[in-house]
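Please read the structure below before turning to the comments.
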Amino acid sequence: MAKYRVHVNDPLDEEATEMLMSKKELEVTSGYLDKEKLLQVIPEIDVLIVRSATKVTADVIEAGKRLKIIARAGVGLDNVDVAKAREKGIKVLNTPGASAPSVAELTLALMLACVKGIVKASVSLKEGRWEKKGLTGRELLGKTLGLVGFGSIGQEVAKRALAFGMRVIAYDPAKPKTDLPVEYVDLDQLLRESDIVSLHVPLTEETRYIIDKEAISKMKDGVIIINTARGGVINEEALYEALVSGKVYAAGLDVFEVEPPNDELRRKLLSLDNVVATPHIGASTHEAQKRVGTEIVQKVFEELGI
Ligand code: MLT
């Protein structure tokens, strides 16, 4: 007889789902339940597996009388009330490195799209124009990239940026050990010296609005800002004003404070020509989803000792 009930509330990779199904110790259910329905079933669940859509709030955790593990297939834990889970002795698992190459590749794609004006060029050509004049871009070669956050994703970005001939500097209070030729600097120095600032920090009380009006004012004129981390780490109003004034040359954004973006964001930030935007697809590659899914399931097995 199955010992543990597992509910998978967000889509999970096929191979990972098969791994779960293959264990006789597990009774597995899957399918998205909204908050109200989740609250009804959670008292019977031992392991809850989620991605980013499900918000594992304090009341869900409180109602999880049998809950032993909250498994987040992905990096960010901002959709899980980790403090509440800890208080209840519930283990929270995630997969910090599994999607790093995919997020790093999107970061480089956004950087290149910004310096080369790729989206603008493509739209204008498809609309029947051949306007090379307004499309003189910039090179990455020789530019300084400032990485705010130097965990697994920041490091993957650095490797790729170094291959493009960039100088890479990083701000990360934890200063992870690295063999990469990357210099650690404080945040002010990073803001002053970077041609491109790219964010790779989780959203926490310390990092909320780490890029605000004051931080932007310290940056070089014509800086480029890339965000594939979390929306709340940039003050979007301050970024909008800086993009309009030309202080910021362009921004590549995969994440937003409200997802999907609200009308105000569509009308302002997303309407600008110098913004390249994608709908939070950093980890959305087949390879990353397979790694994320199989790694989180493996971690659940280890935790349950099965
Ligand atoms: C992550 O935190 O894993 C990525 O942002 C993708 C996601 O939210 O699923």
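The values are calculated or read from the model by the stated rules, or taken from the named source; none is laboratory data. Predicted, not measured: the structure shown is a model, and the values here were computed from it. Reconstructed Cβ throughout: ideal geometry from the backbone, glycine too, with neighbour counts over all protein chains shown.
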- Quick one: which of Ala83, Ala109 is within 16 Å of the ligand (Cβ to nearest atom) and either under 30 Å from Gln155 (Cβ atoms) or at pLDDT below 95 (or both)? Ala109
- Query: Is it true that Glu237 is closer than 21 Å to Val80 by Cα, under 21 Å from the mean Cα position of the chain (by Cα) and not small (Gly, Ala, Ser)?
  - Reply: no
- Query: What are the residues in segment 34-51 that are surrounded by 17 or more Cβ atoms within 10 Å (Cβ to Cβ) and either assigned to a loop (DSSP other than H, G, I, E, B) or within 23 Å of the chain's Cα centre (by Cα) (or both), if any?
  - Reply: Ile45, Asp46, Leu48, Ile49, Val50, Arg51
- Checking Asp221 against (1) surrounded by 17 or more Cβ atoms within 10 Å (Cβ to Cβ); (2) under 20 Å from Val244 (Cβ atoms), the condition it does not meet: (1)
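One line per residue, one yes/no per condition, for (1) surrounded by fewer than 21 Cβ atoms within 10 Å (Cβ to Cβ); (2) not in a loop (DSSP other than H, G, I, E, B):
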{"position": "Ala104", "(1), (2)": "no, yes"}
{"position": "Ser124", "(1), (2)": "yes, yes"}
{"position": "Leu141", "(1), (2)": "yes, no"}
{"position": "Gly154", "(1), (2)": "no, yes"}
{"position": "Lys159", "(1), (2)": "yes, yes"}
{"position": "Gln189", "(1), (2)": "yes, yes"}
{"position": "Arg192", "(1), (2)": "yes, yes"}
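Looking at Phe164, Phe150, which one is touching a Phe, Trp or Tyr at 6+ places or on another chain (Cβ under 9 Å) and not basic (Lys, Arg)?
Working: Phe164 fails: touching a Phe, Trp or Tyr at 6+ places or on another chain (Cβ under 9 Å).
Matching residue, one of Phe164, Phe150: Phe150.
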- Test: Leu265 is closer than 30 Å to Ile70 by Cβ, buried (at least 22 other Cβ atoms within 10 Å of the Cβ) and in the same structural domain as Leu187 (by TED's automatic domain parsing): no
- Tell me which of these Pro260 doesn't satisfy, since it passes every other one: (1) within 16 Å of the chain's Cα centre (by Cα); (2) in contact (Cβ under 8 Å) with a residue 24 or more places away in the chain. (2)
- Note on the structure: Here the residues within segment 75-94 that are under 18 Å from Phe301 (Cβ atoms) and buried (at least 23 other Cβ atoms within 10 Å of the Cβ) are none
